[in-house]
Amino acid sequence: MVAAPGLLNGSELTKAQELVYELKVGQVMTPEVVCVSPEQTMGELELILRDGGFAGAPVVKDGHLVGIVSLQDLILSLEQGAVDDPVGNWMSVDLLTVREGDSVIEAVKAFSQRPVGRIPVVDVRGSLVGILTGGDITRGLVRALDVGYRQGEISQYRASHIFQDISSDDTSLTLRYRIPARDFARSGEASSKLKRALQRLGGRPEIVRRLAVAAYEAEMNLVIHTDDGGELLVDMRPDRVRLVVTDQGPGIEDVSAALEPGFSTAPDWIRDLGFGAGMGLQNIRRCADEFEIESRPGVGTRLDIVVRMAQEERLGRPGQ
Amino acid sequence: MPMSLAEVGCRSPRRQAFSWVEISSGSNRLGRERDAWGEPLNLHDIVRVAGATVLTPNADLDADVKCGFCADLMSDVLSLATPGSLLLTGLIQPQVVRTADMADIVSVLFVRGKNPQPETVALALELGIPLLWAKETMFTVCGRLYSFGLNGVERIR
């Protein structure tokens, strides 16, 4: 099924539900209301409804709402030849109204309780300020959803154009993520955030994936192996992203052994979680265009990788 | 006992008839049925064929599934699974979902009837990754999906 963007999928339905509560009647009603007085005749009402294309009108006397008269009332009066009867004789006086400050959900409830096509909107003093139909509610919701949708697009636009909008001889964007040791519940959060950031900057899916995988493996290494956690520093330029991962220990005894596939010092409980199989550094190296690692036992480890992007893959490139 | 086509859940007479041709001709069933049919598998197919339960409410099951990948080792997923894969695993921690997010996995199918931790489901809902659950073993679930035309990853990089 092809859904209209932003309208039919599950999360946007929830958005529409939210809007029914957030929007006020005053924001969606029709404010210019054509009213009739109770002294006008049904014949005059016929002309007003016909010329305006209305299906009903509120009836107002001395600025106060006294009733509402519909096309159905008009038809009944015409059937009985009561063209010269005053509107006051045919209007409904049992009035359902909503306040302009009510949320749209109140109006939706009112429509569901009574089979009416329109509800007069009054202010706090009870004066008529507008009229509300089901169509007004639908249009108001669609408008609000559309605005939200466009705002989403605008923020996307701004993020992906940061490298063009901000002018300097050499612009880079630096993100820092601090990774606590042994916090398995939150491990991977930084890499998820980095992934979203790269997507918003217009990174190509394959580039984003390589960086996300490398960052995640590095983040897991910090969580599993370090004494006090470490830091993920991401330096983004349009043509390359550098990821520098540092910690203050314990350091790796034999770096070249650590680079061998399958070499691992991870305890069993880490292996039970699906990690620590000695593939992490291999994976990082595979994702990177440049890869450097230095480590000194008792001092710490510094991993420095670069992923380069071709001209058509550049971050924040025009035409996105 | 060999699986009948009814058991693997062919969804239309035409698909079923075609499957019989493939099988009776003795050719490898790998992907043929799907390719010739011209429709990629989606998560609705996976749920039906695997007899799976969807654990994440309101999941988008229209997503295409390009291939399947099984692992209980997350580094294997990160290094070998291709974007758009379905991940079948016996691990149930939140890191599985995190791994799926990094590797552009379309959905995670937990096998052997293992129930994921609540944190795992919460994270999947947050990241919009549908979670599936099947009570049979990895081998059986994979067999059903493979027979139906779900390939493994195409090449080991």
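Please treat every number below as a calculation from the coordinates, not as lab data. The model shown is predicted, which means the values in this text are computed figures rather than measured ones. Note that we place each Cβ from the backbone using ideal geometry, even for glycine, and neighbour counts take in every protein chain shown.
Counting only other chains, what is the mean number of Cβ atoms within 10 angstrom of the Cβ of each residue in peptide A:277-285? All intermediate terms of the calculation are to be shown ahead of the outcome.
On the way: counts 5, 1, 7, 4, 1, 2, 7, 2, 0.
Partner-chain Cβ atoms within 10 Å, mean over residues of A:277-285: 3.
If you line up the Cα atoms of segment A:153-279 on their principal axes, what length do they span on each, largest first, in Å?
That gives 49, 28, 25 Å along the principal axes, largest extent first.
By per-residue mean of other Cβ atoms within 10 Å, what is the highest-first order of B:111-123, A:166-178? All intermediate terms of the calculation are to be shown ahead of the outcome.
On the way: B:111-123: 16.1, A:166-178: 11.1.
The peptides rank, most packed first, as B:111-123, A:166-178.
On average, how many beta carbons from a partner chain sit within 10 Å of the beta carbon of a residue in A:206-216? Walk me through the numbers on the way to the answer.
Values: counts 2, 0, 2, 6, 0, 1, 5, 8, 2, 1, 9.
Going residue by residue through A:206-216 and averaging, the value is 3.
Just how large is the dipole of segment B:42-110 about the Cα centre, in debye to the nearest 20, putting +1 at every Lys and Arg Cβ and -1 at every Asp and Glu Cβ? Display every interim value, and only then the final one.
Values: 3 positive and 8 negative charges, 25 e Å.
Magnitude of the dipole: close to 120 debye.
In debye to the nearest 20, how big a dipole does chain A give about its Cα centre with +1 on each Lys and Arg Cβ and -1 on each Asp and Glu Cβ? Before the final figure, lay out each step's value.
Values: 35 positive and 47 negative charges, 141 e Å.
Charge dipole, chain A, about its Cα centre: 680 debye, nearest 20.
Enter the Cα centre distance for the pair segment A:227-245 and segment B:138-155, rounded to the nearest angstrom.
Taking the Cα centre of segment B:138-155 as reference, the centre of segment A:227-245 is 38 Å away.
If the reach is capped at under 26 angstrom between alpha carbons, list the lysines near A:LYS109, excluding any in the same chain fewer than eight residues apart.
A:LYS15, A:LYS24
With n ≥ 4 as the cut-off for DSSP H runs, can you work out [θ] at 222 nm for chain A, using -39500 (n - 2.57) per run divided by the number of residues, rounded to the nearest 500? Write down the numbers at each step before the final one.
Working: 12 runs with 128 residues, N = 320.
Calculated at 222 nm, the ellipticity per residue is -12000 deg cm²/dmol.
In terms of Cα to Cα distance under 24 Å, which lysines are near enough to B:LYS66, apart from those fewer than 8 places away along the same chain?
A:LYS195, B:LYS135
Which of A:CYS287, A:MET309, A:GLY274 sits closest to the plus end of the dipole of segment A:237-320, meaning its Cα is farthest towards the positive end, when Lys and Arg get +1 and Asp and Glu get -1 on the C-beta?
A:MET309
Pull up the cross-link candidates among the aspartates and glutamates for B:LYS114, meaning alpha carbon to alpha carbon under 12 Å and not fewer than 8 places away within one chain.
Partners within reach: B:GLU136.
Give the average, rounded to an integer, of partner chain Cβ atoms located within 10 angstrom of each Cβ in B:79-86.
Values: counts 10, 2, 0, 1, 3, 0, 0, 0.
Going residue by residue through B:79-86 and averaging, the value is 2.
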